[in-house]
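See below for the structure under consideration.
The values are calculated or read from the model by the stated rules, or taken from the named source; none is laboratory data. Being a predicted model, the structure only gives us computed values, none of them experimental. Note that we place each Cβ from the backbone using ideal geometry, even for glycine, and neighbour counts take in every protein chain shown.
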Amino acid sequence: MIEARSLTKRYGKTLAVNDLSFSVAAGRVTGFLGPNGAGKSTTMRMMLGLDNPTAGQVTIGGKRYHELKYPLRTVGALLDAKWVHPNRSARAHLAWMAKSNKLPAKRVDEVLDAVGLSGVAGKRAGGFSLGMSQRLGIAAALLGDPEVLLFDEPVNGLDPEGILWIRKFMHRLAEEGRTVFVSSHLLSEMALTASELVVIGKGELISQSTTTEFVSRASENTVKVRSPQLPQLRAALQQAGTEVREDEGASLLVSGMDSDRIGELAAANNFVLHELSPQQGSLEQAFMQITGDSVEYHTELENEAQQVLAGQTDPLVPSNR
């Protein structure tokens, strides 16, 4: 388990992290989200003792990182896939890490095999592609068979096959009972990977919840309705006090009435229904809506994109620029 309590980091006059508290439980993948400049990387560096907090603390398994005698046995991390010396082979890189934490040499080949790098173990890391470097970084994180794993942008720049592999790998690690904490800007991927979310902005906690709760809290509850009697159904829905707007194709999006009541209204008026489906917003929409005030810099186009994702403007209506 990871526990952050009143974590604060100041660089001169800049407050990078401000009184941040959250916890990360074992047995699940927890996503760490926030706009650029939110303080995610600084927070993760403080977790690993690379930066000292100005105030507060982070504990991993009840201890601060510098209190761990053999840290790789408790926590594994991937913060920068390209930090490996380019002239070292993958095996040599892992071998010195294993030796520094008194890990058996056989563990090197075990983790190389786990991430699919056994065939290139003797090649120089400087010649690795980004995907191979990410796999080597994950192998290093797994070296001590730790209970806690931290990953910063692990799928950045990967092809679809690599992204799918890392997603399944993280799920497997969580299923083994490990604590998996992942920072990423790829919200569509986080929606598929993380069951829990810690969301920060301007160095402060915005939300900690399940991914489903986060999306539901930010999204408008709507129901998609299709019917061959759409004009009549629309009039009946509006008379019942709902908000109705046209969706793509011959369908309506209804707010203010759940699917059960819409079905009952249609049946009472002998309207035929071809579709009646509750609509759930995306993680991207929820993120833009909830963190909008925490983004430090906006261009005009970014402001418009945020309004579209939040459902405040129609993407098909041109702006006045």
Scan region 154-171 for residues that are surrounded by fewer than 19 Cβ atoms within 10 Å (Cβ to Cβ) and in contact with a strand residue (DSSP E or B) (Cβ under 8 Å, 6 or more places away or on another chain) and report the count.
1
Being part of a helix (DSSP H, G or I), touching a residue at least 40 places away in the same chain (Cβ under 8 Å) and either farther than 24 Å from residue 40 by Cβ or not aromatic (Phe, Trp, Tyr) (or both) narrows it down to one residue among 95, 140; which is it?
140
Please work out if residue 194 is over 30 Å from residue 18 (Cβ atoms), among the small types (Gly, Ala, Ser) and surrounded by 15 or more Cβ atoms within 10 Å (Cβ to Cβ).
no
Given the structure, is residue 225 buried (at least 22 other Cβ atoms within 10 Å of the Cβ), of a type in the set (A, V, I, L, M) and either touching a strand residue (DSSP E or B) at 6+ places or on another chain (Cβ under 6 Å) or under 30 Å from residue 274 (Cα atoms) (or both)?
yes
From the list 19, 51, which residue is assigned by TED's automatic domain parsing to the domain that holds residue 177, in a strand (DSSP E or B) and over 15 Å from residue 153 (Cβ atoms)?
19
Pair list, Cβ under 9 Å, 6 or more apart: region 154-173 residue not assigned by TED's automatic domain parsing to the domain that holds residue 82, other residue among the aromatic types (Phe, Trp, Tyr) and in a helix (DSSP H, G or I):
none
Go through (1) on the phi < 0 side of the Ramachandran plot; (2) loosely packed, with under 14 Cβ neighbours inside 10 Å; (3) without any contact (Cβ under 8 Å) to a residue 40 or more places away in the chain one by one and return the number of the condition residue 252 breaks.
(2)
Just one listed residue, out of 222, 242, 210, is at pLDDT below 85 and more than 15 Å from residue 291 (Cα to Cα), and it is 222
Is it fair to say residue 28 is touching a strand residue (DSSP E or B) at 6+ places or on another chain (Cβ under 9 Å) and charged (D, E, K, R)?
yes
